[in-house]
Amino acid sequence: MSLPAAPLPAPVAGPVDVLLIDNFDSFTWNLYQYLEQLGAKVTVVRNDALTPNQLPISASALFGISNDAIRYFAGKVPVLGVCMGLECIVHVFGGEIAYAGEIVHGKIAKVNHDARGCFKAITAATEESGVIMGVRHRTLCVEAVQYHPESILTTSGPSYLKNFLQLNAAGVLDAPSFTPVAAQGAAPGSKVPTILEKIHAQRLKDVFAAKATPGSTPADLESLLSAHLLPRLRQTPAGSVALMTEIKRASPSKGNINIDANVADQGMAYALAGSSVISVLTEPNWFKGSLQDMRNIRQIVDSLPNRPAILRKDFIIDEYQITEARLYGADTILLIVAILSQERLAELYNFAHDVHGMEPLVEVNNAAEMEIALNIGARVIGVNNRNLHDFQVDMGTTTRLVDMVNGRDDVILCALSGITGPEDVRAYIAQGVRAVLVGEALMRATDPGAFVRALIGREPASPAHGGTRPPLVKVCGVRTPRDAVAAAEAGADFIGVVLAPASKRRVSIAEAAAVSAALRAAYPARADPDFAADGTVEGEQKEWFEGQARTLEARLSIRAPLLVGVFQDQPLADVVHAVDAIGLDLVQLHGREPLHWSRFIPVPVIRAFHLPAMPLPAANANEQNGAAQEGGAPTEVSPVEQQPAAEPVPPIPKDLTRPGLHNFVLLDALRPGALVSGGSGRQLDARAASKAGVPFVLAGGLNVHNVRQAVRDSGAWAVDVSGGVEQPGLFGVKDLDAVRAFVRIAKEAWVEVPEVAE
């Protein structure tokens, strides 16, 4: 810079690179030395060496020319205050200096900072003491620190001063965190921080606290990364308009929205209804979210085929938060232009993209922010219709910015906030928006799944009825090779061997292996050039079970019947061992086994769900009360006798239609007082079975007398019979005539029987 030429003293009469005003501090020499070593040409003057008529400023008794020099040079050149220089800057811009109760001179002072401006890339340990140790002007390139890194030779001292030397009047090294207050809608000169500024300040403290917490330090996160403890990334596929659904318990503008929401259930409802992305608020103070919320949602949807991507929605200001998000299950993150300089935004974007393989969602609210997002190469840009400084919503915000990306196939434009119904979604789609985010409206919805389907125009999930195709037939409780081969000859598609210890039809592993060998000898695999495994089982959530059914039907065209091992509340290790020792084609879990066990079993899994049995007439109820199929011969009850009275339809278990774990669903009748189904000789309510929504195997009290009507009433994809085709009183000994009749009647259930005239 050039100062007025005369009548100045000789040291400042010519061009000056760095002017150092000495307030009679003992460490001025140290500052001079550091700055000179960094390549600056420093001119030092005492604060009383210049008179008011030598500069267009005045002098004060306490600080000499310092205060007025700050006023004069601020906005023209970078200004840095150190120690008393900080006091001068605070005094000039209306602040007050008070004793903080802590003396920091002569010792290393750790500062909780934001890593911008002069603090850029300062990696020294930090702490939150409540004592203000540094200030930065919001719009002018003016900074100050209370402690003096040069005099106590801290390792970050030179870096701090180097950053200062690289600044210009506009703060090019790293612009202030926020654009000028007036540009954000606040009154010029207002000292009241906006909501966004409050959240930003709090998140700085939160990040610092997290970094200092044992077990979650940056070193701890790096250790977890090196151990490859990362969930699988899922990229949202391109194609039709994507719906981004949000988990948000509260917000600064609305207060509590759904504070008691079970986020795991909410997330699963979103996923099953067709959400492409689940956005999870993890900010704890204003939005009542947490990283644990995100982890819970990721875990519950992780087994789903084509699961939704998980977005960490937070105020990301540090690379630490990105690594943290990745370890807690996020596929991507949100970056908000309004709280980041362009340089800092680019650093965080590149870190997420290059280090963690994420494609961040970059949020903008106006044309200037959109330009910044495009300049850093963002490919997914969300226009927030809500101004984060005052939280006012303007639904026209997205509309005004659409033209900035129209025609660009490399950019996905998303509309964020304020969307309350299908009409909003349709309007944005017509404008070229390719994704929409819905939060508050979904969190308030009584049926989130139905609301999601309405938003994307998907018809309500209809029960998966077997139609008029012949059902598959499983003959269960087989104990001998003879009965197994005979059932296969009768047309059975599955032969079931029971390995549950409590069952009177139980067979040993050796006996089951003999059944397996007999079936494979009698029915070897045959080539079928028309069958090829495809990706249908990895389609949309609603297609998971249908895809599994189609795949199994195709497999049956190669080799039939298939051998099913039935287990009930046995150790997982025993189940896995039996699969290999016997040569099972499928496993049926008929107890209360954890759902996730299916992921560890090497063959497809049929999962039994237990529904209440239909009520019996009084006489039959007394006859069967407490009697199980395992403890006595089943009592045959005609369908007419078992017709339910005015009983409500039993609800379908919520996990029945959860895709990605078990491959097939079996519905069995649960007698009163029992914990699990099986062996009751009782039918379940066909009205409930018909509402399953997925292909299912119908079991419970079936026999030659009722199977036709049961198939027609329920639409079962397959039927399972055991006691209904046994010789009276002989558990596991099949009546082969009954087996043949049952298979024939079941397969012909949809064949219309002509009426016979009397």
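The values are calculated or read from the model by the stated rules, or taken from the named source; none is laboratory data. This structure is a prediction, so every number in the text was calculated from the model and none was measured. Because the Cβ atoms are built from the backbone with ideal geometry, glycine has one as well, and the counts that use them run over all protein chains shown. Only protein heavy atoms, including side chains, enter the accessible area calculation; ligands, DNA and RNA are left aside. Shrake-Rupley method; radii C 1.70, N 1.55, O 1.52, S 1.80 Å.
A few remarks follow.
Okay, residues lined up against (1) open to solvent by 50 Å² or more (accessible area, probe 1.4 Å); (2) at pLDDT below 60; (3) under 39 Å from the mean Cα position of the chain (by Cα):
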| residue | (1), (2), (3) |
| --- | --- |
| Arg138 | yes, no, yes |
| Tyr147 | no, no, no |
| Ile152 | no, yes, no |
| Ser156 | no, no, yes |
| Leu165 | yes, no, no |
| Ala182 | yes, yes, yes |
| Ala187 | yes, yes, yes |
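- Answer from Val485, Val498 - the residue that is at pLDDT 75 or above and touching a strand residue (DSSP E or B) at 6+ places or on another chain (Cβ under 6 Å): Val498
- Residues of the stretch 503-521 that turn out to be crowded, with 17+ Cβ neighbours inside 10 Å, charged (D, E, K, R) and part of a loop (DSSP other than H, G, I, E, B), as a count: 1
- Filtered residues of the stretch 381-404 (kept if surrounded by fewer than 16 Cβ atoms within 10 Å (Cβ to Cβ), within 27 Å of the chain's Cα centre (by Cα) and assigned to a helix (DSSP H, G or I)): none
- Listing of helices (runs of 4 or more DSSP H) fully contained in the stretch 254-370 that carry 3 or more residues being within 10 Å of the chain's Cα centre (by Cα) and within 18 Å of Ala210 (Cβ to Cβ): 291-301
- The conditions of being charged (D, E, K, R) and open to solvent by 10 Å² or more (accessible area, probe 1.4 Å) are met by Asp354.
- With respect to being open to solvent by less than 60 Å² (accessible area, probe 1.4 Å), of a type in the set (Ser, Thr, Tyr) and either at pLDDT below 65 or in a loop (DSSP other than H, G, I, E, B) (or both), Tyr160 falls outside the description.
- Elements of the type helices (runs of 4 or more DSSP H) sitting completely within the stretch 650-758 and holding at least 3 residues that are at negative phi and at pLDDT 95 or above: these cover 736-747.
- Candidate set: the stretch 711-722, residues that are of a type outside the set (Asp, Glu) and open to solvent by 10 Å² or more (accessible area, probe 1.4 Å); chosen: the one nearest to Arg671 (Cα to Cα): Ser722
- Residues in the stretch 274-314 that are of a type in the set (A, V, I, L, M), open to solvent by less than 10 Å² (accessible area, probe 1.4 Å) and farther than 16 Å from Asp260 by Cα: Ile278, Val301, Leu304, Ala309, Ile310, Leu311.
- Residues that are in a helix (DSSP H, G or I), open to solvent by 10 Å² or more (accessible area, probe 1.4 Å) and touching a strand residue (DSSP E or B) at 6+ places or on another chain (Cβ under 8 Å), drawn from the stretch 430-447: Glu440
- Top-ranked residue in the stretch 13-29 [being at pLDDT below 80 and under 22 Å from Ala144 (Cβ atoms); ranked as most open to solvent (accessible area, probe 1.4 Å)]: Trp29
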